[in-house]
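Q: Take a look at this one; I'll ask things after.
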Amino acid sequence: MIVSRNCITSSIRYDGKNKEELCRDIDGWKRLLVESYGARKGDLVAISIMNVNTRHVSALFACAELGLRIILLDSPAKLESLPYTKLARFGPAKFCITDGTGEQLYDGLHGKMIQQYSECTIHALEMTPEPNYYDPGWYVLETDPFIVSSTSGTTNFSRMIEFTHEDCMVFALRNINIFQFVPSSVCWHTKNMHHASSMLTDLLPSMMISDTHYSYGLPDRKEWLPLTREEAINFVESKKIDRCIVPNRDILNWLIRGHVFTKRLTINMSGFTMDNSYADLCGMHNLRFISHYGSIDTAIPALVNVVDEDYWEEDNCLGHVADTEFWITVTNGTSLVHHMRWKTPRRLGDRLEYRNGKYYHLGRLEEKPLDVPQDLDLTPFYQDTKLNMDQLRGYMWEKYSKKI
């Protein structure tokens, strides 16, 4: 139950590379990190390769095999909110691995963030594929931490959450079935390690079983799209892609507008609810959606909604419990997620209602609204479908006489 190259299906082709080629890259990263930069087990690493390409993926597995911890980055909203990003609050990172493509994003704030809150920057061009297995001289245990993330921070400043290797494997293995990956799935990886769900619901489970993988990033805002809509459509059609993650409805509308996909495209969308307009989109564009809901410290996912052209449901439906590994109880408006491995259940930050086998979203618990000025544009603080509350609180603290 350790994240390593052993998880990767032997028949994989990732952007044209086979498993042997991917493993050479993994060993190249391991040698570079240990022998050139002195990496040691437990060091914190930020991966700032914005596209989920083979460099990104091989660096991720190299860090796993070395027992390094990967911190999930968030997007900096404002200069004043940099000290409230995940990298600032839970770092600094010992190393930041970059290919130079993201430094100018967010008006250069991404580059400022990784430089300010990383002790050492490693460029992807420094990695040379290694033909032999690289042994660092120490062991990695399933109880060792691997992924560093945090709670959403909706009701208060977020707290750090660490996923062990075993945690990641448990989630990934169950998500093969939940997200219906099979060997013939043709996967388009669009979301990098800024997102917890990108690895645990898409990248890792699909690499365990599916043969064919492609990468091309889709950011959460149209002004930073790396390709035109026509290029995106041609990419999907020419590669015969049938699986991808789309970050939000805005990017979805941009991608599918006026096009009917030849091969049904199954889209992973994280978020709270799926209304019946998504069923209309399925019929119009030959789509299917697998929407998922949970929280970073409970199940990823806890609830699932599978939507096709025949879907009909009341508003605010979150779907059904994903499988039998987790279960939810709702008592007096408090929603608790249970698992046999946990000593105590874990509370969700939302009010849910259970009826007719499905769960419905009724709002947040104990939400403490900020006194946000009416002229403040909140767009930079949105990431995918949610406000980055840590950065918004921090910005308000720094900008408006520390009144939050």
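Derivation of every value follows stated rules applied to the coordinates shown; laboratory data play no part. The structure displayed is predicted, hence computed values, not measured ones. We place every Cβ from the backbone using ideal geometry, glycine too, and count neighbours over all the protein chains shown.
Q: Using the Karplus curve 6.51 cos²θ - 1.76 cosθ + 1.60 with θ = phi - 60°, what ³J(HN,Hα) values do you get for each residue of the range 68-73, in whole Hz, with x for Gly and Pro?
A: Computed from phi, the couplings for the range 68-73 are 7, 9, 9, 9, 6, 8 Hz.
Q: What residues from the range 289-314 fall in the zone where the backbone N is under 17 Å from a label point 7 Å along the Cα-to-C-beta line of Glu353?
A: 313-314
Q: To the nearest 20 debye, what is the magnitude of the charge dipole of the chain about its Cα centre, counting +1 on the Cβ of each Lys and Arg and -1 on the Cβ of each Asp and Glu? Each step should come with its number before you reach the end.
A: Numbers: 44 positive and 52 negative charges, 101 e Å.
Dipole about the Cα centre, nearest 20: 480 debye.
Q: Would you please classify the overall shape of the range 209-294 from the alpha carbon gyration tensor, given that a ≥ b ≥ c denote the square roots of the eigenvalues, rounded means a/c under 1.5, and beyond that prolate means a/b larger than b/c while oblate covers the rest?
A: Rounded, since a/c falls under 1.5.
Q: Right, here's the next one. Sticking with the crude label model, points 7 Å out along Cα→Cβ, report the distance from Val260 to Glu142 in nm, one decimal please.
A: Computed distance between label sites Val260 and Glu142 equals 4.9 nm.
Q: Do any of Lys17/Lys112; Lys112/Lys191; Lys41/Lys112 go past 31 Å between their Cα atoms, and which? Kindly include the intermediate steps, with their values, before the conclusion.
A: Details: Lys17/Lys112 33 Å; Lys112/Lys191 21 Å; Lys41/Lys112 27 Å.
Beyond 31 Å: Lys17/Lys112.
Q: Then there's this: With only Lys, Arg, Asp and Glu charged, each at its Cβ (+1 for the first two, -1 for the last two), find how big the charge dipole of the range 250-348 is about the Cα centre; round to the nearest 20 debye.
A: It comes to approximately 500 debye.
Q: Any idea which of Ala124, Gly294, Leu204 is furthest toward the positive side of the dipole for the chain, if Lys and Arg beta-carbons carry +1 and Asp and Glu beta-carbons -1?
A: The residue sitting most towards the positive pole is Gly294.
Q: Right, another one. Taking the DSSP beta bridges in the chain as the whole, what percent of them are antiparallel, to the nearest 5? Intermediate results must be reported in sequence, preceding the final value.
A: Values: 31 of 60 bridges.
Given both bridge residues lie in the chain, the antiparallel proportion sits at roughly 50 percent.
Q: Assuming R0 = 25 Å, can you tell me the calculated FRET efficiency for the pair Glu35 and Glu80, based on Cβ-Cβ distance, to the nearest 0.05?
A: The formula returns an efficiency of 0.05 here.
Q: Please list, ordered by chain and number, the residues whose modelled amide H lies under 5 Å from the amide H of Arg364; skip anything fewer than 5 residues away on the same chain.
A: Arg351
Q: Let me ask something additional. Roughly how big is the range 69-152's charge dipole about its Cα centre, with Cβ charges of +1 (Lys, Arg) and -1 (Asp, Glu), in debye to the nearest 20? Don't jump to the answer; show the numbers that get you there.
A: Working: 6 positive and 11 negative charges, 78 e Å.
It works out to roughly 380 debye.
Q: For the residue pair Leu225 and Gln104, what label-to-label distance in nm results when each label sits 7 Å from Cα along the Cα-to-beta-carbon direction?
A: With each label point 7 Å from Cα toward Cβ, the separation is 1.9 nm.
Q: Picking from Thr324, Thr201, Thr151, which is most flexible by a Gaussian network model of the chain using Cα springs under 10 Å?
A: Of Thr324, Thr201, Thr151, the most mobile in the Gaussian network model is Thr324.
Q: OK, next. Using only the Cα atoms of the range 171-223, build the gyration tensor, take square roots of its eigenvalues as a ≥ b ≥ c, and label the shape rounded, prolate or oblate: rounded if a/c is under 1.5, else prolate if a/b is larger than b/c, else oblate. Display every interim value, and only then the final one.
A: Working: a/c = 2.63, a/b = 1.53, b/c = 1.71.
It comes out oblate by the Cα gyration axes.
Q: Could you tell me the extents of the range 269-313's C-alpha atoms along the three principal axes, largest first, rounded to whole Å?
A: 37, 18, 12 Å, listed from the longest principal axis down.
Q: Would you mind telling me which residue in Ser238, Ser185, Ser118 has the biggest mean-square fluctuation in a Gaussian network model of the chain, where springs connect alpha carbons within a distance under 10 angstrom?
A: Residue with maximal mean-square fluctuation among Ser238, Ser185, Ser118: Ser238.
Q: Mind running the shape call on the range 1-50? Use the C-alpha gyration tensor, a ≥ b ≥ c as the square roots of the eigenvalues: rounded below 1.5 for a/c, prolate if a/b tops b/c, oblate otherwise.
A: Details: a/c = 1.94, a/b = 1.72, b/c = 1.13.
Prolate.
Q: Pull up all non-local amide H partners of Ile161: gap of 5 or more, or a different chain, and H-to-H distance under 5 Å with H placed in the peptide plane.
A: Answer set, sorted by chain and number: Ser149, Ser150, Thr151.
Q: Okay, next question. For Leu68, which sequence-distant residues (separation of 5 or more, or a different chain) have an amide H within less than 5 Å of its own amide H, given hydrogens modelled in the peptide plane?
A: Gly42
Q: When the chain is modelled as a GNM with alpha-carbon springs shorter than 10 Å, which of Thr85, Thr379, Thr329 fluctuates the most?
A: Per the Cα network of the chain with a 10 Å cutoff, Thr379 tops the list.
Q: Here's a follow-up. Only counting other Cβ atoms within 10 Å, I'd like Ile161, Ile290 sorted with the fewest neighbours first.
A: Result, fewest neighbours first: Ile161, Ile290.
Q: Pull out the extension gain between Asn18 and Asp375, defined as 0.36 nm times the separation in residues minus the alpha carbon to alpha carbon distance; nm, one decimal.
A: Result for the pair: 123.3 nm of gain on full extension.
Q: Quick one: what are the phi-derived ³J(HN,Hα) couplings along the range 91-96, Karplus 6.51/-1.76/1.60 with θ = phi - 60°, whole Hz, x for glycine and proline?
A: Ordered by residue, 3J(HN,Hα) equals x, x, 6, 5, 9, 10 Hz.
Q: Take the Cβ-Cβ distance between Arg159 and Gln115 as r, set R0 to 35 Å, and report the resulting FRET efficiency rounded to the nearest 0.05.
A: Calculated transfer efficiency: 0.85.
Q: In whole angstrom, note down how far apart the Cα centers of the range 284-358 and the range 18-95 are.
A: When both Cα centres are located, 31 Å separates them.
Q: If you don't mind, there's one more thing I want to ask. Would you compute, from DSSP H runs of 4+ residues alone, the mean residue ellipticity of the chain at 222 nm, taking -39500 (n - 2.57) per run and dividing by the full residue count, rounded to the nearest 500?
A: -7000 deg cm²/dmol, from helical runs alone.
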